[in-house]
1. Over the Cα atoms of chain B, what Rg and Dmax result, in angstrom?
2. Helix check for chain A. Which DSSP H runs span at least 30 Å along their own axis by Cα, with a mean Kyte-Doolittle hydropathy no less than 0.0?
3. For chain B, calculate the relative contact order in percent as a whole number, restricting contacts to Cα pairs under 8 Å that are 6 or more residues apart.
4. Sorted from fewest to most neighbouring beta carbons within 10 Å, what does the list A:84, A:212 look like?
5. Compute the signed sum of charges (Lys and Arg +1, Asp and Glu -1) over the other residues within less than 14 Å, Cβ to Cβ, of residue B:208.
6. With 10 angstrom as the radius, rank B:134, B:197, A:182 by how many other C-beta atoms surround their C-beta, starting from the fewest.
7. Can you tally the net charge around residue A:287? Count Lys and Arg as +1, Asp and Glu as -1, for every other residue whose Cβ sits under 14 Å from the Cβ of residue A:287.
8. Once the Cα gyration tensor of the stretch A:91-179 is found, what semi-axes does its equivalent ellipsoid get, as square roots of 5 times the eigenvalues, in whole Å, sorted largest first?
Amino acid sequence: MAERVATTAYTPYSRRRDASQAGARWFGRFFLYACVVVFGIIFAFPLYWAIATSLKSEPELYYYPPLFWPEGFVIGNYAEVVTKYPFAYWFWNSSLVSALTVIGVTISSVIVAYSFARFRYPGRDLMFMLTLGTMMFPAQITLIPTFILFRLLGWLNTPLPLIVPHLGGTAFTIFLLRQFIMSLPRDLDEAAVIDGANYPRILYSVLVPLMKPAIATVAVITFISAWNDFMGPLIYLNKPNALTLAVGLRFFQNQPSDARRFDHYMMSMVVMTALPCIILFFLAQRTFVQGIVMSGIKG
Amino acid sequence: MMSAVTAGASPGATPVAAATGRRRSRAMVREAIWGYVFLSPWAITLVLFTLGPLLASLYLSFNDYDILGSPKWVGLANYVKAFTTDELVWPSIGRTVVYAVAIVPTALFGSLVLAILLNQRLVGTAFFRTLFFMPSLVPVVASAILWIWILHPKLGPVNWMIEQFGIQGPGWMSSAEWALPTVILIGLWGSLGGNRMIIFLAGLQGVPKELYEASDIDGARALDKFRHVTLPMISPTMLFNLILGVIGALQVFNIAFIATKGGPAFATWFFALHIYRQAFEYYRMGYGSALAWIFALGLLVFTYIQLRSSYRWVYYAGE
């Protein structure tokens, strides 16, 4: 702004200052791009290495200096992993758990957030404080009793312990959506009341359409955390065919006693496990950031 | 809305006011009922899977319970054992605190820097945002396995690169001195560009443009604007990220469990790992519960201290 004012006043002094400012600006931009690229490389290199390794043949694993570009491009590693291990089961289990968790968490969080944001009733604020309080508790503390509970119910080695506890929403998603609804003007609800709409109708046809970015954000966050959940499957599942991808990966870990290395298989599995989330995030990121901005998360 | 509520609550003497008051109170009951209905999915799961288990684990922490027999009341014995005879407890708490002290400020600062970079309207921001976010999209087992391979002392690319400078690379996870720093570095890689960065980005985009324009007119430099506009405006976001960051860091488990298994020589034996081992490998459910409660109370104290001290440095624009 200030420079544009300066350029309209054609004095030699301001022109000189303009030039030096443009230089500084150019240098600043260059510096920013350099930083972004360096960070990008640091974050992406391990994944590049996973992809490169996944395309190597077994002998290539032992090359030193290590091969930065695989020679053979053994795409067969992927086929090997899919056919020789229970990969199909793991993929199906992960998909089932993630899909049902996303549906349950998203629908419940919207409804519960609506209750917290728009209704007045005794005990509401206490419940809300409790909800926030659960975020402060470490997961380990409920793990032992829930394990005992699910064991008694005979739910071990089924997807149920991974899905059912989330069906009522999670503290974080409820909090996020509540903040979002609070930012929407109440006049909208009241106009709908005058038109004779009941509460479910207001939520469904007035608020939900406006909440789309936040709902998408919640769905993406939930999918990623369900897909990558490690602790739950580790404790509740131990039969090979019942595992999810996140714990199935441990199958490929080299044991000290192994004479051969399986890193090429392991890395193709790593790539296949990580890919769905990466694609999802790339597609959803604009909505994702918007959803968090609009909810105005504050401490 | 406000005026309507006060009108309904005021002791109106006229019959009309009394009638509307009655109708209003009926509406309030209806509203409350619907509120409870909408709250119920969360209330039910909260009681069944969080509050109930919380109480159960508190009860178990005063018992000996190996899952096969029935719980046997032992009073405070589990807590006494944790602080006196169990030699792994204090060192594991110390290690966990070292990890948190190293990672929380660095990750907080690093995520903020990344968010600021992404907020500069550079070409390709969407691409870089995905790159930065990628480490937190990779399942923990995958990233642990990946790092074991990358940091392999003999076959890994990192030690090869270090060797090009004529230096012998360290043993990383297989060396007792390097294991903890390695786990910290991997933790940083995994968390710098994750949700924390996105939340900072959201905070930065929420700063009103007028404030920057006003400081432009006052002739403020970029650094001044950052110190006197950006930082105060995003301080609530900072607090949010700090609290969740501390809670997350003190729960460090995955990398140590998968990659180093607590070793070598207990170098990465964190407190959460100790709880897991006691509860799910030795099936000491009572003792594990006591450890979990010690952990939870420690976390609550930490969080409380942070919230108390936050009044001094957090600025809420709304107040």
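Rule-based calculations on the coordinates, nothing more; no lab input. Just so you know, these numbers come straight off a predicted model, no measurement behind them. FYI the Cβ positions are ideal-geometry reconstructions off the backbone, even for glycines, and counts take in every protein chain you see.
1. Taking only Cα atoms of chain B, I get Rg and Dmax of 26.5, 95 Å.
2. Span-like helices here: A:12-54, A:87-118, A:263-295.
3. Working: 301 pairs, mean separation 83.6, N = 319.
Value for chain B: 26 percent.
4. On the way: A:84 9, A:212 12.
Least crowded to most crowded, the residues run A:84, A:212.
5. Values: positive: B:209, B:225; negative: B:210, B:213, B:216.
In short, -1.
6. Working: B:134 21, B:197 26, A:182 14.
Fewest-to-most ranking of B:134, B:197, A:182: A:182, B:134, B:197.
7. Working: positive: A:212, A:286, B:129; negative: none.
Residues close to residue A:287 contribute a combined charge of +3.
8. Values: eigenvalues 139, 58, 22 Å².
So the equivalent ellipsoid measures 26, 17, 11 Å along its semi-axes.
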